[in-house]
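The values are calculated or read from the model by the stated rules, or taken from the named source; none is laboratory data. Please read all numbers here as calculations on a predicted model, not as lab measurements. Backbone-built Cβ (ideal geometry, glycine too); neighbour counts: all protein chains shown. Side chains are part of the model used for accessible areas, which takes the heavy atoms of the whole protein and leaves out ligands, DNA and RNA. Shrake-Rupley method; radii C 1.70, N 1.55, O 1.52, S 1.80 Å.
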Amino acid sequence: MLGKMMYQPLLISSLIEHAAQYHSDTAVYSKEVDGTMTKSNWLSVSDNSKRLANALQSLGLKSSDCIATLAWNNRRHLEAWYAISGSEMICHTINPRLFPEQLTYIINDAKDQVLFFDITFLPLIAAIKEHIKGIKHFILLGDRDEKVLEELPNALFFDELLAENDTNFDWPQFDEKQASSLCYTSGTTGNPKGILYSHRSSVLHAIALCMPDVSALSAQDVLLPVVPMFHVNAWGTPYAAALTGCSLILPGPNLDGDSLVSVIDDYKVTVALGVPTIWQSLLTAAKNKGSTLESMTRTIVGGAACPPSIITSFREDFNCDAIHGWGMTETSPLGTMNQIKAKHKSLSRDEINELRKSQGRPPYGVQIRLMGTEKKDQHVAEDGESQGRLQIRGHWVIDDYFTHKPDTITEDGWFDTGDIATIDEDGYMNIRDRSKDLIKSGGEWISSVELENIAAGHAEVKMAAAIAANHKQWGERPVLIVVKEEDSNVDEAQILDFYKDKVASWQIPDKVIFVDNIVLNGAGKMMKNNLRDEHGDVLLEQ
Ligand code: AMP
């Protein structure tokens, strides 16, 4: 017998409707491309989304059309998001830091019909426009601009579209399993792969994100998503923000430490989300400026392993809880989040610090398990020690890539993440490595993440990557690539000495290579495959 309760599809438009109805005057601040900070609110964001939805309809666009965006975290981008998904079209956020060939590939792969863009990316579009003929309309996220018309004679302008359309628009109701947005993975190998989220998965993910044991987001918060809207939908925060009616600060293009400290202090940000490299520069800038980041109660760190030194510094120097989480584009991204349980309250400070280094445990909605690295169909014990391939399933986990079936879904319906992890009896998961980044020395595994975390704790190391270098005797040995802090004279011997007593002696890197810069991919992660290409044979050459 069916229950006798109302059924309403879980649609993204219901989030913005809620925010407009119950949090109409809550502020949404936006750093524009020209550097100005503008103030809006949820009612105005909702009204503009409706105006734009009318505009999209008059342009002849229809359900399931892919509409791309090349833009920073700003108000117009947010309004375009709600207009597109709310109208049953697919919002395809593009990472502007991809190579031009990759941009062309994904725009054509997605069959994008429209491209919304910030002025910053005009040169990028000009360079590839001959190769993306499927785009029918280029729309600048701004007011009329003659420079744009010289490059793209038929371009349209967001502000003009808003002025020409009214707010008389009813969000269509449709199946919650319809596609809402599309993100491509950063693609460190091969062509990027599209991940197509649904309304249902996005709304359930947004609800989960707000749970107390995840980010505890509420209407009392001032939320700063530093993670870009083109990186897994800014981890779902623009949806969660509307759902809770919290105040939202969209930081625009300037994500350096100094700019972020100013935004946090000026707008009294309570919670911010981003990748570890961002937080490293924020901590340095805050210390240099003498800011205590007083308003911040917590920060959520994920996307790459967060060095324990960052977590400790947030907690001890800034009285700000640093919550380590793990996820992937394929998991929307929320997979695990590190929050303690009641039984941990009696642990000592050191024990708590140790526990909170891990990537945390799954919230309701997803499950994780470990399977063998060699014997792939064998379960690995969840004892906090044994390592295995991390697999996940749940309401917001990928089932199928946009254009092709993944070979990473197991026969019994789990997604194989490609990460190597341990899980303890309470579900706390520790990422040991990407399977392709693990270093196998004489048959024993060495975790590159662990070596990087130790290096990051050295006061004179700005950034470090541990890679597997080919070795005649051992197969592979670790080599550490280091960017020094400015004015540092630290040398190889001092860095290697720093590893003593922190790892077994055979795990200490064979060599340290100093470089000026380590290239980060569009999501702020170190391009370790480039480093392997460049330095992978350094030990053979010796
Ligand atoms: P992406 O889909 O580009 O977000 O990349 C997902 C991958 O980033 C995961 O499979 C992990 O290898 C890595 N990753 C994400 N969060 C963490 C974390 N907290 N610690 C370690 N690795 C992480």
Cα gyration tensor, segment 439-535 - rounded (a/c under 1.5), prolate or oblate: oblate
Could you please report the charge total around K136, scoring K, R as +1 and D, E as -1 over all other residues with beta-carbon less than 10 angstrom from its beta-carbon? -1
Under 5 Å from the placed amide H of K484, counting only residues 5+ away or on other chains, we find K462, V515
Once both labels are modelled 7 Å past Cα along the beta-carbon direction, what's the D487-K287 spacing in nm? 1.3
Considering only DSSP beta bridges where both residues belong to the chain, give the percentage that are antiparallel (nearest 5). 55
How much net charge surrounds K525 when only the other residues with a Cβ under 12 Å from the Cβ of K525 are counted, with Lys and Arg +1 and Asp and Glu -1? +1
Let me spell out the model: positive unit charges on the Cβ of Lys and Arg, negative unit charges on the Cβ of Asp and Glu, origin at the Cα centre of segment 439-535. What dipole size does that give, in debye rounded to 20? 420
Applying 1/(1 + (r/R0)^6) with R0 = 41 Å to the Cβ-Cβ distance of M6 and D143, what FRET efficiency is obtained, to the nearest 0.05? 0.45
In the chain the accessible area split gives carbon plus sulfur, as whole percent at 1.4 Å, a share of 48
Starting from the Cα of K511, draw a straight line to each of the lysines and keep only those under 30 Å, dropping any in the same chain fewer than 8 residues away. K357, K436, K440, K462, K472, K484, K500, K502, K525, K528
Within segment 1-93, which trypsin sites (Lys or Arg not before Pro) sit in a loop by DSSP and count at most 16 neighbouring Cβ atoms inside 10 Å? K4, K62
Log entry: pair-distance distribution for segment 150-264, C-alpha pairs binned every 5 Å from zero, whole % per bin is 2, 9, 13, 14, 17, 20, 14, 7, 2, 0, 0
Quick check: pseudo-label points 7 Å beyond the Cα along Cα→Cβ at S346 and N108, how many nm apart are they? 6.5
Subtract the Cα-Cα distance of A126 and E150 from 0.36 nm times their separation in residues, and report this length gain in nm to one decimal. 7.6 nm
How large is the charge dipole for the chain, taken about the Cα centre, if only the Cβ atoms of Lys, Arg (+1) and Asp, Glu (-1) carry charge, to the nearest 20 debye? 840
Counting only heavy atoms of the protein chains, get the accessible area per residue of the chain (1.4 Å probe) and round it to a whole Å² value. 43
Principal axes of the chain: Cα extent on each, largest first, Å: 69, 63, 50
Charge-dipole axis of the chain as Lys and Arg at +1 and Asp and Glu at -1 on Cβ define it, positive-most pick from L334, S30, V461: L334
